[in-house]
Every structure is written in C-alpha cells, then in structure tokens.
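Peer 1: One structure follows; several queries about it will come next.
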Amino acid sequence: MSSAIKFLIVAIVVYVGYALWQKHHERVEAAEIAAITDNRGFIEFAPPDGGKRQEVMIVAAQNCPHEAAQRADALAQEMAERNMRYVRTSSITFTPPPDFDDAYVRRHNRVMNQDLPLVFVNGRVKSNPDLDEVIAEYEQANR
C-alpha cells in the first residue's frame, strides 16, 4: 500500500472521529442548555453588570434600521405602553464569577451569539423573544 493511500486512510479516520466527537459535544452542550431553560425558552443567565432581576434589559443596536434593532425598539415600545420597567441598550458587560470555567465561557459565548435582541429578565435570557414571553417572564419575576 502506498504512503499516499495510508495518509488518505488516516486522514479520513481522523476526520470521521473528529466529526463524531463534535456531534457528541454539541448534543451534550444542548442538553446542558435545555436543563437550565424554562418553559418559555429563557435560559438561566446572570444579568449583565448593572442589570436588575425585576427589570427587563433589551439588548440590540439602537437607532439602527436592521431588523433586530427594529424588533428591539418595538418590544421596548410595547413595554413602555404597558408601564413595564425596562432598559434598552446596545452594549453590556459581564463580570464572570470567581469560579468560572470553560463551560461558563462556552455557555456565555453561545448565548451572546444568538439572534438579537437578547432580552434579560429574572436572571434569565432569551434570544428574540416575543412580547407574550417577555411579559410572562417579567410577571413571574415581579410576583
């Protein structure tokens, strides 16, 4: 057997092994997220610095024509009309807990790279929720 064929076989085995490991890793990560997700799809997630549990924080670009920013503006307008406490912002920061690990970083990155707007309420976050989901989460936080 020539060295080129041996190399090709090894490359295929390595690729298939990596692909299987990656799929397994994605399933494990999805299961971890599902375990901390409520029935409205909000994920347990510490509020950004300055955020309050009883207040909704809507995160997306401001004064922007992009669809995500328009959805965030519409959500903020609906909340204002209902006299619900909210903050509309385009930037947030986080201070990681002292004992953070790779799982924390992966979950944080996964959440922060979802579709905008990101909406934080009651120690939870959801990507692009509808108004009813936000209201239900807000009401639960303020009971």
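Peer 1: Only one residue in Met84, Met79 is more than 28 Å from Arg27 (Cα to Cα), touching a residue at least 24 places away in the same chain (Cβ under 8 Å) and assigned to a loop (DSSP other than H, G, I, E, B). Which one? Before the answer, list the steps.
Peer 2: On the way: Met79 fails: assigned to a loop (DSSP other than H, G, I, E, B).
Testing whether each residue is more than 28 Å from Arg27 (Cα to Cα), touching a residue at least 24 places away in the same chain (Cβ under 8 Å) and assigned to a loop (DSSP other than H, G, I, E, B) leaves just Met84.
Peer 1: Then there's this: What pairs come up if the first residue lies in region 91-104 and is without any contact (Cβ under 8 Å) to a residue 24 or more places away in the chain, the second is part of a loop (DSSP other than H, G, I, E, B), and their beta carbons are under 8 Å apart, counting only those six or more places apart or on different chains?
Peer 2: As it stands, the answer is Tyr104/Pro96; Tyr104/Pro97, since those pairs meet every condition given.
Peer 1: Only residues in region 117-143 that are closer than 15 Å to Arg85 by Cβ count as the first member; pair them with residues that are in a helix (DSSP H, G or I) and of a type in the set (Gly, Ala, Ser), Cβ under 6 angstrom, at least 6 apart or cross-chain, and list the lot.
Peer 2: Sorted first by the residue in region 117-143, then by its partner, the pairs are Val121/Ala141; Asn122/Ala141.
So that you can scan it fast, the table gives a plain yes or no per residue for (1) of a type in the set (A, V, I, L, M); (2) touching a helix residue (DSSP H, G or I) at 6+ places or on another chain (Cβ under 8 Å):
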site: Ile43; (1), (2): yes, yes
site: Ile58; (1), (2): yes, yes
site: Arg71; (1), (2): no, no
site: Arg88; (1), (2): no, yes
site: Lys126; (1), (2): no, yes
site: Asp130; (1), (2): no, no
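Peer 1: Output the number of residues of region 91-111 satisfying the condition of being surrounded by fewer than 15 Cβ atoms within 10 Å (Cβ to Cβ) and under 12 Å from Ala60 (Cα atoms).
Peer 2: Within region 91-111, residues that are surrounded by fewer than 15 Cβ atoms within 10 Å (Cβ to Cβ) and under 12 Å from Ala60 (Cα atoms) number 1.
Peer 1: If you don't mind, there's one more thing I want to ask. Within region 89-143, can you find the residues that are in a helix (DSSP H, G or I), touching a strand residue (DSSP E or B) at 6+ places or on another chain (Cβ under 7 Å) and of a type outside the set (Phe, Trp, Tyr)?
Peer 2: Those that are in a helix (DSSP H, G or I), touching a strand residue (DSSP E or B) at 6+ places or on another chain (Cβ under 7 Å) and of a type outside the set (Phe, Trp, Tyr): Val111, Glu133, Val134, Glu137, Ala141.
No value in this document is a laboratory result; all are computed from the given coordinates. In this text, all values refer to a predicted model and were calculated from it rather than measured experimentally. Note that we place each Cβ from the backbone using ideal geometry, even for glycine, and neighbour counts take in every protein chain shown.
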